[in-house]
Amino acid sequence: MMGMIARIMHDEARQAAAESRRRILAGEARELEGLAFGVKDVIQVAGSPTTFGSPAYAGFVPAVTAQAVLNLRDAGAILVAKLATYEFASGPNSFTRNVWDERRRSGGSSSGSAAAVGGGLLQVALGTDSGGSIRVPAAWCGAVGFKPTRGRVPTSGVPPLSWHLDHTGTLTQTVTTAAAVFGILAGERSVRALSGDAALRPLGGMRIGVLGGWFQVTEPEVADVTREAVTALSDLGAELINVDFPLIEQVNPDAVKRVLVEAESAALHDTDRPGHGHAFMHMLEAGTQLRAVDYIHALRLRSLLAEATTALFGGLDALVCATSAIVAPFEDQDVVRLGGRMMALADVVARNTSIFNISGHPAVTVPSGLGRETGMPVGLQVIAPHWRDDVCLRIGRAFQAKVGTLGPPGLV
């Protein structure tokens, strides 16, 4: 299946399905009874092989289950698959192709999760996001990708890539499903009621900032679809305000992210363990060679960027921009033309997403349409103040109700 599935949970899923059927017939159904979901293969499930996408851990069977998985299971959801990812969630993989065009990338590192949901195989998949690893593949594969406020969904049972940047979140077909699952993941019953009840209210009275400058350096077809998406928010009653972010023009958040990821991953992983892939080992070796002063500078810049991002919300309910500056690139593509010049693909992928890992704000990407030239999905990113995850969900759900869902490719 285009390299998206690491393992099918045959026996476990059958047992859970039998229990769900019994509960439904007995009138004892739980909130997510019978809902099938998958998890990115860096998320541990006790008794089930979890490789973290790494040859170095082939055959590893964890003794613990991630709290996020336990929360979904306790609500009646059925785990059916472990989904492909790049080694320890540190980048894209080349074996999971895009369900809309198998010549193109699915994004990373929650690639299997995005492809499975975008392709219509699953309604829900769990992913992780340290710089855009939920939102970018979701945008490229036509799925909804939700990164909650940092720390709101537990990361226990998920080996870290970066202490300062890691988030656990969801990939779903609709924002409605994301809202239903979020409160259960977070273990907050009040969130479930709020996200469900508020989501379809008109956006009248809401003030939404449209990020300019840096965030509007996109491919032309991404710019066109995003412009139409912003107009749709206005049609829903939101007041739109243009917002500048001068600091981001001076301090590249993706560069700060890379230093943090390299240094913290090198501190977490054994560079002498045999079997690591070449690219992952190269990243770990780069981390071991970083000076302490460089890491401290990155932490300081992280604080400055986070403070500046929080300041953007003064008088605003949310911010919006294109999730990815580009549509899914071809598998053999290493450069892209952006803003009138050629740029390395690695410098473009997380251009609009890394900043919100650095700041820890909740962000959701919602499919906003298809590029006119490529026919590939484009995503609109909605960002809300800390702990106002419900605002992301409310705006995202209202927007999706207006523009519609993309549906699995081939059914559009």
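The values are calculated or read from the model by the stated rules, or taken from the named source; none is laboratory data. Being a predicted model, the structure only gives us computed values, none of them experimental. Cβ coordinates were reconstructed from backbone atoms using ideal geometry, including for glycine residues, and neighbour counts include every protein chain displayed.
In table form, for the structure just shown:
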quantity: Boolean, Asp332 is among the acidic types (Asp, Glu), part of a helix (DSSP H, G or I) and either modelled with pLDDT under 95 or out of contact with any Phe, Trp or Tyr (no Cβ under 8 Å at 6 or more places or on another chain) (or both); calculated: no
quantity: Number of the exception - Val366 against (1) part of a loop (DSSP other than H, G, I, E, B); (2) under 23 Å from Leu121 (Cα atoms); (3) in contact with a strand residue (DSSP E or B) (Cβ under 9 Å, 6 or more places away or on another chain); calculated: (1)
quantity: Residue tally, condition surrounded by 24 or more Cβ atoms within 10 Å (Cβ to Cβ) and farther than 18 Å from Arg394 by Cβ, over the stretch 136-152; calculated: 8
quantity: Residues of the stretch 180-195 classified as modelled with pLDDT under 55 and either at positive phi or hydroxyl-bearing (Ser, Thr, Tyr) (or both), total; calculated: 2
quantity: Residue among Arg14, Arg7, Arg103, Arg97 that is touching a residue at least 40 places away in the same chain (Cβ under 8 Å), among the basic types (Lys, Arg), surrounded by fewer than 15 Cβ atoms within 10 Å (Cβ to Cβ) and farther than 25 Å from Gly183 by Cα; calculated: Arg103
quantity: Of all residues in the stretch 62-78 being surrounded by 21 or more Cβ atoms within 10 Å (Cβ to Cβ) and in contact with a helix residue (DSSP H, G or I) (Cβ under 7 Å, 6 or more places away or on another chain), the one that is nearest to Gln15 (Cα to Cα); calculated: Ile78
quantity: Hey, Arg372 out of contact with any Gly (no Cβ under 8 Å at 6 or more places or on another chain) and farther than 25 Å from Gly209 by Cβ or not; calculated: yes
quantity: Candidate set from the stretch 249-272 (those that are of a type outside the set (Ser, Thr, Tyr) and not in a helix (DSSP H, G or I)); member that is surrounded by the most Cβ atoms within 10 Å (Cβ to Cβ); calculated: His269
quantity: Which listed residue, of Gly314, Gly340, Gly360, Gly275, is more than 23 Å from the chain's Cα centre (by Cα), over 29 Å from Val99 (Cβ atoms), surrounded by fewer than 24 Cβ atoms within 10 Å (Cβ to Cβ) and touching a residue at least 12 places away in the same chain (Cβ under 8 Å); calculated: Gly275
quantity: Test: Gly59 is buried (at least 20 other Cβ atoms within 10 Å of the Cβ) and modelled with pLDDT under 95; calculated: no
quantity: Some residue of the stretch 276-295 being assigned to a helix (DSSP H, G or I) and either touching a strand residue (DSSP E or B) at 6+ places or on another chain (Cβ under 6 Å) or under 28 Å from Leu393 (Cβ atoms) (or both); calculated: no
quantity: Of residues in the stretch 364-412 being under 20 Å from Thr310 (Cα atoms) and polar (S, T, N, Q), the one farthest from the chain's Cα centre (by Cα); calculated: Gln381
quantity: Tally of residues being outside any loop (DSSP other than H, G, I, E, B) and buried (at least 19 other Cβ atoms within 10 Å of the Cβ) across the stretch 211-220; calculated: 3
quantity: Residue in the stretch 221-244 that is surrounded by 14 or more Cβ atoms within 10 Å (Cβ to Cβ), over 23 Å from Glu307 (Cβ atoms), among the acidic types (Asp, Glu) and in contact with an Asp or Glu (Cβ under 9 Å, 6 or more places away or on another chain) present; calculated: yes
quantity: Condition check for His361: within 16 Å of Thr309 (Cβ to Cβ), in contact with a strand residue (DSSP E or B) (Cβ under 8 Å, 6 or more places away or on another chain) and assigned to a loop (DSSP other than H, G, I, E, B); calculated: yes
quantity: Output for the stretch 320-335, where each listed residue is among the hydrophobic types (A, V, I, L, M, F, W, C), farther than 23 Å from Ile383 by Cβ and within 22 Å of the chain's Cα centre (by Cα); calculated: Phe330
